[in-house]
Structures are given as C-alpha cells and as structure tokens.
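Enquirer: Pasting a structure here, questions to come.
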Amino acid sequence: MRTMTLLGILEKYDRPVTKVILSERMNLSESSIRNVVRDSNQIGEKNGFQIELIRGQGYVLHITSRERYDQFVVNETHRSEMYNPEQRVNFIISFLLQAENYVTIDQIATHMDVSRNTIVKDLKEVEKKVAASDLFLEKKVHYGLRVLGEESDYRRAFSKYVLTDYYLTPVKEFKTFRSLFNLDELRKVVNEALMANDLKMSDVAFENVVRHIRILIFRSLKSNFVSSYKHLKVEPEKGYYQVAEQIVTWINKKYDVVLPQSEMMFLAAHISGKVSIAKIDDQEKAEIDNQLGEILQTLDSAFSTYFTNDPVLRNDLLFHMLPLMKRLYYNMQLENPLVEEIYSKYANVFVIAFRFSELIEKKYGYQMSRDEVGYVAIHFAAHLERIKSVSLEKYKRIVVICTTGGGSAELLRLNLENIFSNAYISTASINNFKQYKDDPPDLFLSTVPMEASYAQVPIIQINEWIDEDEIRRIKDIISFQIHHKLDNQEITGLKDLFNEDIFYREKSDIDYLSLLKLRADDLVAKGYAVDYFPNSVLEREKKFTTIYRNGVAGPHAMKLDAMKDAVSVTILPEPIYYNDRTIQIIFLINLKAGHLFLHKELSRLLMRLMDHDYIRQRLIQTKNFRQFMAELELLI
C-alpha cells in the first residue's frame, strides 16, 4: 500500500521531505507522488493524520489523533506485511532487539497477530539472520528468547532492524523513547561539535552518526555499554576524540548517565570513518588515488568502459574511498536503507560495484557490506548519466515523425527540446519523411512503428506523450546506440535478446538455485554463455539476491562476458520461493562486456513489469513464446 510507504518515509525523516526524495524512495514520478498524497489525505481524514506541503521545503506528516493513527498503522501493517515471511522474520528480530529481558513465543505471536506455529517456523531463519549480525539467539525453557552478543554488534543490528525498516511498528518501550527524543537538538549538538573541530560530513554520514548516538543513548539508559575498545586496532585521532567528548558531555548532562571511556572511543571511531577528506593526510590521499586508478583500469578492461578517463568519477570515488577505508578499518560501515531500491534501479552498475568491492578486498583485505556497495554503485550510475548527457549533445538536427500534427506535434517538439537542448527539431508526417533521403538528419524519432533506420540514420520509436519515464527511456536508448557506434560494436535491440530456444514454461518443484544452474548450463550448451557462467550466476545470487518485487527475478553473472547477448526466460505458473521471496518469472541475463546500457534497458523493463500487475499476470499466463513476445512488446 503506497500510503503506508509514504507515511513510513515521512515519519522516518523527522523533517520536510522533498518530492525528489519521495520520488526516488517510492520509484514514482513527482506527479504520481502528488496523487498518492491526495489519496492518503482522504484516508487520513478518518484515521488521524494529514500530509501538508510546505512550499520550498517538502511534505510533512501531521498526526491529528495519535490513537487513530497508531491503530491504522497496526492494522495496515498486519494486513499488508505480516503474511510476508521475510517481513515476519525482520519483525521478530526487531521485537527481540528492543526487549530488555526474555520474550516468549506467545508474546511475539500476540503482538504480531499470527499463530504460535507461524513464529516457531520462522525462528530458524531468525537464528540465521541474527548470526549474520555476529549475535546469538538464546532459547531458554520457561523463560523464552533473547538476543545476546557484543554491544557494538547489538547496536549495528538495532540500527538495521529497528531504525531503518519503517514498516515495522516499534515495541512500546522504544516507541515511547522515540516519541520523546528530540532529534533536532541532537543534530544541533553534533553539528556544533563538528564545526568546533573543523570537520565536515555528508548528509548521509551525518544522519548515520545521529542514528548511532540515538541508539547509544537508548541502550545506555538501560546500562548497556560497549565494554571495551580493544578491538579497535589503533585509537582514533585527537580531533575525532574531541568531537566525541563534546557529545558525550552533553549526553551525561541531559540524561544523567555517565558513559565509560570505551563508549567515547567507540563514538570517536564512528566519527573518524564518516568525515570528509579535509582532515586526511595528503600522502594518504595520493596513495589511495594511485590505487584507485589501478582499480578503475581493471574495471575498464573487464567491462569495456571508460571510467579511467572520467576525472569527475575518479574525484568522487576518492572523496568516498578515504572515509570508507577508515570505516572498513574499524568495521563501522554506513547503513544504506535504500540499497534494495538502488539495486532495482541500477542493477547494471551493481555488477561493476560488486567487482569494485572484490578488488578492494583483494588489495586491502577488507570486505565491503552490501550497503557500502550500494553507495559506490551510485557513483558509477552518475558516470553513465554523464555519458548520456554527452551523447545527447551529439545530435544537432532531429526529425520527429508523427501522425497527429497541429498542436499535438508542436507540444511533442517542445517536450523533446528539453531533452535535446542543442538540437534543431522539426516534425514530419509519415507520408513525406522520405524527402530527407538526400539530406538526412542526425536522428529520426517516430511515434509510429517503422524500420530501424532510413538513409543510414537510426529511427527510434517514441510515445506521443512524453512523461518522465519516456524521457529516461529515450536517453537510455540513444546513449546505448552512440556508445556502441563509437566502439564499432553490433547494436542489439531488446527484442533480439529473447529467443524461443531459451524460453521455458513449466511446473517445477525444483529449488531456485538449482533451477538457475539448469538454465545457465543450458545457455552454455547452446553457445550463448561461457563455461564459467553457471558458477558466476550462483556466486552472484548468493552474495546479493536478484529477486525483485512481485515475483520478478533478474539473475546475472558477476561480470558481463557473454558469447552472444541473450535473456533466458522461465515462467512458473505456480510460484517457488528463495530466502522468503516469491519467484514466478525469471529473466536470466547474459550480456557481453560493455553492454551496460543494454543492461540498464533490461532493468527498466523489469521495473515496469513489477509495477504493471495486469501485464505481468498476462505474461505469466502465456502458453508459448509467440504469445509471450506479443505481451512483452507492450512494455518495450
């Protein structure tokens, strides 16, 4: 339910949230955000909340009746999420982390409004996830359950499961603490301490530190302290310690709690890994910059990219890497609540970002978290966006072929001028466009189906109505075509990736990974993929699953190294499950090195498929390849 997603975001930010942020978080256009706000306000009239737009700042949530609002959230959470196994597991962990003592299975079941047997079945996965956070789930007869482990590990898990998952309703004790806690006052204290010591942080890093301090206070009020800082290989530098000391002094005074030296040192280590590079030694900068250059050259060789030639990318990665190295050193990596959304939107650059993380681990011995990989992926995504902008500037003369004429054609031309700011754009009808045979433009855009080119000039089909999604699609297609023309590579269209000999529809009781292995082996046997493709696909899936929303999966190898570009499709009339996620349609992606723009087009296709229930269901119901392609073309 989009209203619940919207409310969760507005509650989490504790400040006005811009349409741009909401658009990114919810994967909706800004106009769609306005519609969701309007619909949510209608719901809120009876359920104790309203959403206000503050001009120039963003949207703010006003709770007019706490009782009615809380009841609405509880009801919708139970209705929408409690029957999702993954959400149930996260909820159980969140509940246990907030509990001071043992919690019984019956207490959890009552709080979640599910059966006791359901909780018992979920506990095996709970134990796995708790162990992945270096914690331990203790089960004691006649007492119940509780999570044990090092306080530093406990707090990282608390941040992950309690603070960043806005779908989960907090337990009463933490809910009371959160409602009384003054986040703005804490932000002011942290900001003043940083300024006094001439330190700077990005907004993301700043909010991560604020989140850490809020958990520190909550846990310290219950006398749960980090008992030692001996796991820190070296003590943080003086400047970071002074910031921590100033913040701890404020905590001692405001909350009447005395924090031990170990807490101050632990906080200083957090801060040292999240400041900008201004305080980092020039020699260290130079060393990391040289090593970064080597990493980018390796990536260029593997993906047929031009990262080394982009000074903006190199500078941005350097600014990111310097504090990153300190975070890796202290094992205090940034949390990234948007990592799943970043992955679904930029699956193509995640292939690169994961390879980047492997090279970091090989060179320095530190393993990056998925969250940190997500932040690195954004830098590579920005590089590709810059390539798009440069690509669009290469077109100086464009002809738009349309059937409507008049005002509609003029509106279409004006909208396209926003994309091609340096081009002269004219319109023509389908009957007279052949006049351009002897004097062709740089590009044809057509609102009607046509051949792929005319007079050796590409023809790209577009929609008559240009919205934000269509703008992104046009930019991606054009950038892809230019990129491959520069490399003298054969251009492959999306439809050419799908072939009848790698299309499957079957009822299967096979598990997901075994099915992937079977399909990957088939691509190798039919000459599409290299020999190590199956192992690479499974390695990729185990590191970070490629199962998206609504039963759609887009698995691929660790790197792009296909013999022939292709996408294997498997439709499952009855869904299967992996890691508590549903799978019903699998697009196994196999692309050549350098085909990142084509990968982006596939990602866009999968996202549209996730968001269009009707078309997705029609695809699942298709009986053969011909029917499948007919339905798929509605999305391409």
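Enquirer: Here is a check on your reading of the model: is Leu97 crowded, with 17+ Cβ neighbours inside 10 Å, modelled with pLDDT of 85 or more and in a strand (DSSP E or B)? Don't jump to the end; show me each part of the working.
Expert: Working: crowded, with 17+ Cβ neighbours inside 10 Å: yes; modelled with pLDDT of 85 or more: yes; in a strand (DSSP E or B): no.
Answer is no for this residue.
Enquirer: Which of the residues spanning the stretch 171-196 are crowded, with 17+ Cβ neighbours inside 10 Å and assigned to a loop (DSSP other than H, G, I, E, B)?
Expert: Across the stretch 171-196, the qualifying residue is only Val171.
Enquirer: If you go through the stretch 32-71 one residue at a time, how many are among the polar types (S, T, N, Q) and under 18 Å from Val17 (Cα atoms)? Before the answer, list the steps.
Expert: The first filter runs over the stretch 32-71 and keeps only residues among the polar types (S, T, N, Q), leaving 32, 35, 40-42, 47, 50, 57, 64-65, 71.
Subset that is under 18 Å from Val17 (Cα atoms): 32, 35, 40-41, 50, 57.
Matching residues across the stretch 32-71 total 6.
Enquirer: Right, something else. Just to verify a result, which residue in the stretch 42-64, among those that are among the polar types (S, T, N, Q) and closer than 19 Å to Arg15 by Cα, is surrounded by the most Cβ atoms within 10 Å (Cβ to Cβ)?
Expert: Applying the filter and picking the extreme gives Gln50.
Enquirer: Hey, among Val312, Val351, which residue is touching a strand residue (DSSP E or B) at 6+ places or on another chain (Cβ under 8 Å), more than 18 Å from Phe206 (Cα to Cα) and of a type outside the set (Lys, Arg)?
Expert: Details: Val312 fails: touching a strand residue (DSSP E or B) at 6+ places or on another chain (Cβ under 8 Å).
Criteria check complete, one pass: Val351.
Enquirer: I'd like to check something: does the stretch 112-124 contain any residue that is modelled with pLDDT of 85 or more, of a type outside the set (D, E, K, R) and buried (at least 19 other Cβ atoms within 10 Å of the Cβ)?
Expert: Residues of the stretch 112-124 modelled with pLDDT of 85 or more: 116-124.
Those left that are additionally of a type outside the set (D, E, K, R): 117-120, 123.
Next, from what is left, pick out any that are buried (at least 19 other Cβ atoms within 10 Å of the Cβ): 119.
For the stretch 112-124, residues modelled with pLDDT of 85 or more, of a type outside the set (D, E, K, R) and buried (at least 19 other Cβ atoms within 10 Å of the Cβ): present.
Enquirer: Same structure again: Do any helices (runs of 4 or more DSSP H) entirely within the stretch 538-636 hold 3 or more residues that are crowded, with 22+ Cβ neighbours inside 10 Å, and if so, which?
Expert: Values: elements: 596-611, 613-621, 625-632.
Counting at least 3 such residues, we get 596-611.
Enquirer: Considering only the stretch 522-537, state which residues are part of a helix (DSSP H, G or I) and surrounded by 15 or more Cβ atoms within 10 Å (Cβ to Cβ).
Expert: Applying the first criterion (part of a helix (DSSP H, G or I)) to the stretch 522-537 yields 522-525, 533-537.
Hits for the stretch 522-537 are Asp522, Leu523, Val524, Phe533, Pro534, Ser536, Val537.
Enquirer: Condition (residue is aromatic (Phe, Trp, Tyr) and assigned to a loop (DSSP other than H, G, I, E, B)) applied to the stretch 352-368: is it met by at least one residue?
Expert: First pass over the stretch 352-368, keeping only residues aromatic (Phe, Trp, Tyr): 354, 356, 364, 366.
Filter once more, keeping what is assigned to a loop (DSSP other than H, G, I, E, B): 366.
There is at least one residue in the stretch 352-368 that is aromatic (Phe, Trp, Tyr) and assigned to a loop (DSSP other than H, G, I, E, B).
Enquirer: Does Ala286 count as modelled with pLDDT of 90 or more and either within 34 Å of the chain's Cα centre (by Cα) or not in a helix (DSSP H, G or I) (or both)?
Expert: No, not satisfied.
Enquirer: Here is a follow-up. Residue check: is Thr164 surrounded by fewer than 18 Cβ atoms within 10 Å (Cβ to Cβ), closer than 24 Å to Ile21 by Cα and modelled with pLDDT under 90? First the steps, then the outcome.
Expert: Working: surrounded by fewer than 18 Cβ atoms within 10 Å (Cβ to Cβ): yes; closer than 24 Å to Ile21 by Cα: yes; modelled with pLDDT under 90: yes.
Here the answer is yes, as Thr164 does meet what is asked.
Enquirer: Across the stretch 478-511, which residue is farthest from Ile583 (Cα to Cα) among those that are assigned to a helix (DSSP H, G or I) and modelled with pLDDT under 70? It would help to see each step written out before you state the result.
Expert: From the stretch 478-511, those assigned to a helix (DSSP H, G or I) are 478-486, 494-497, 500-502; that's our starting set.
From what is left, the residues that are modelled with pLDDT under 70 are 479-486.
On the way: Ser479: 32, Phe480: 30, Gln481: 32, Ile482: 35, His483: 34, His484: 33, Lys485: 37, Leu486: 38 Å.
My answer is Leu486.
Enquirer: Has the stretch 419-434 got any residue that is within 28 Å of Asn348 (Cα to Cα), of a type in the set (Phe, Trp, Tyr), at pLDDT below 80 and within 33 Å of the chain's Cα centre (by Cα)? Walk me through how you get there before you give the answer.
Expert: Of the stretch 419-434, the ones within 28 Å of Asn348 (Cα to Cα) are 419-421.
From what's left, of a type in the set (Phe, Trp, Tyr): 420.
If we keep only those that are at pLDDT below 80 as well, we get none.
Looking through the stretch 419-434, none of the residues is within 28 Å of Asn348 (Cα to Cα), of a type in the set (Phe, Trp, Tyr), at pLDDT below 80 and within 33 Å of the chain's Cα centre (by Cα).
Enquirer: Could you say whether any residue in the stretch 225-239 is at pLDDT 85 or above and surrounded by fewer than 20 Cβ atoms within 10 Å (Cβ to Cβ)? Give the derivation first.
Expert: Filtering the stretch 225-239 down to residues at pLDDT 85 or above leaves 225.
When the remaining residues are screened for being surrounded by fewer than 20 Cβ atoms within 10 Å (Cβ to Cβ), the result is 225.
Checked against the condition, which is being at pLDDT 85 or above and surrounded by fewer than 20 Cβ atoms within 10 Å (Cβ to Cβ), the stretch 225-239 yields at least one hit.
Enquirer: Kindly establish whether Asn624 is in contact with a strand residue (DSSP E or B) (Cβ under 8 Å, 6 or more places away or on another chain), over 29 Å from Leu384 (Cβ atoms) and in contact (Cβ under 8 Å) with a residue 40 or more places away in the chain.
Expert: Answer is yes for this residue.
The values are calculated or read from the model by the stated rules, or taken from the named source; none is laboratory data. A quick note: this is a predicted structure, and the numbers were derived from the prediction, not measured. With ideal geometry, Cβ positions are generated from the backbone for all residues, glycine too; neighbour counts draw on all protein chains shown.
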